[in-house]
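Enquirer: Before we start, here is the structure in question, set down as C-alpha cells.
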Ligand code: KG4
Ligand code: ZN
C-alpha cells in the first residue's frame, strides 16, 4: 500500500511516498528557513505564500523521485493540524483536490501523531539503547517490527513538549505538556538571547560543542506532575547574559549554550524516564525537531532502563514521510476523511 504524504503545517513544504507505513520511496522537503531567518522567526503570511509557490513542484518531485504514477498510489495523508492556519490550508486543499481528481481516499493527520510515526520509518540510522550497554547508534533495525505497546512518546518540537502514553495504534493519552514555552521554542529564544541566529536548536547545539555546562541555570521539575516549563530557564539565561556580560566573549557564549542545553536535556530525560517507570511502558519513543539534538538522544539512550527509539535527525524535523506512515495506519483502520476535511490549527493529541 503506497501513501502520498503532504505536510505544510509550519515552514517546511514536504511531500513523500511511503510503502506499507515504513518504507520511504521518496521524501522531499523544501525548507523556508533561509527566508524566515531574516526576520528571526516564522512570519505566518510569508509561510503560507511560500507553501503556495512550492507545494505543486514538491508533490511532483516526490512522485517522480518515487518513479510512480497516480495508479500506484493507494491513498493521500495530509496534516490538518496543529499549525499555522494559512499554511495548513495549502496542504489540505491540494490533498483534497488530488483525492477528488484521482478518486483516492484521504486521511487527515494530526502533526503530533505524525511525529511519533517517524519511529516506524525504516532507516539505517535507527537507534536503540539500554542502560549499561554500548549504544548501537547506527544499528540497522526495522522499527515497524520493533515498537511494542504500551510505549511512552516524548514529542519535543517548536510548538509542543508533550508526554503521551500510546497503548496501540491511534490510542493516545496525554500525560504532560509544557505550561509555557515548548522545548524547541525555548531553544529558539535562547539562541536569540545569545545572538546565535535562527533556527535556535541547531545553533545552540553547534555552539555548545566548544563550551562546558558550567553556568548556573535553573531546572523546573514541577514535582508530582508530568508537565514541563521552560520559560523560567529562558528568563534566567537572559539575566545571566546581562550580569556576566556573556556576549562579550565567544567562549562564554559557548558555555551559556552548553549550560542551557544541559538544563533542557536534564529535565526532558529525567521526567520522561520517571513517567516511563510509573506507567510501566515497554519502550520510549522520542520524536519532534528537538529529538534531532544529539545530546538529548545520547543522554536518554544512556540513562533509560528501557529501549529508546529515535528517528534519524532528518526524520525528527518536519517531513511528509512521517505523515504518510501515520496515514497508512489510519487508512488500514478505515479512518477515511471526507472532502469537508478542514484545518484545525489548535488540534491536540490525547
Ligand atoms: O518538529 P519541528 O521541525 O517543527 C515543529 O513541529 O515545530 O521542530 C522545530 C524545532 C525548532 O524549534 C528547532 O529549533 C528545534 O526543533 N530543533 C532543535 C534541533 N533541530 C531542530 N532543537 C535542538 N537541537 C537540535 N539539533
Ligand atoms: Zn513538527
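Enquirer: Would you mind checking the tilt of helix 250-278 against the longest principal axis of the Cα atoms of the chain, expressed as 0 to 90 degrees and rounded to 10?
Expert: 60 degrees
Enquirer: Nearest 10 degrees is fine. How inclined is helix 321-332 to the longest principal axis of the chain, computing both from alpha carbons?
Expert: Here the helix axis deviates by roughly 50 degrees.
Enquirer: Can you check what the Kirkwood hydrodynamic radius comes to for region 238-350, Cα pairs only, in Å to one decimal?
Expert: The answer is 17.4 Å.
Enquirer: Determine one quarter of the surface area of the Cα convex hull of the chain, which equals its mean projected area, and express it in nm² to one decimal.
Expert: 16.6 nm²
Enquirer: Report, to the nearest 10°, how far helix 44-65 tilts away from the longest principal axis of the Cα atoms in the chain, using its own Cα long axis and a range of 0 to 90°.
Expert: 60 degrees
Enquirer: Could I ask something else about it? Once fully extended, how much extra length lies between residue 69 and residue 282, figured as 0.36 nm per residue of separation less the alpha-carbon to alpha-carbon distance?
Expert: Going from the current span to full extension adds 72.7 nm.
Enquirer: So, one more: Rounded to the nearest 0.05, what FRET efficiency do residue 223 and residue 23 have when you use their Cβ-Cβ distance and R0 = 30 Å?
Expert: 0.10
Enquirer: How far, in nm, would the chain grow between residue 103 and residue 235 when pulled straight, counting 0.36 nm per residue and subtracting the alpha carbon separation?
Expert: Answer, rounded to one decimal: 42.3 nm.
Enquirer: Determine Rg/Rh for region 171-246; Rg is computed over alpha-carbon atoms and Rh is the Kirkwood hydrodynamic estimate from the same atoms.
Expert: Rounded to two decimals, Rg/Rh equals 1.02.
Enquirer: Further question: Going by Cα centres, region 282-350 and region 76-110 are how many Å apart?
Expert: When both Cα centres are located, 18 Å separates them.
Bear in mind that the values in this text are calculations on the coordinates, not laboratory data. This structure is a prediction, so every number in the text was calculated from the model and none was measured. Reconstructed Cβ throughout: ideal geometry from the backbone, glycine too, with neighbour counts over all protein chains shown.
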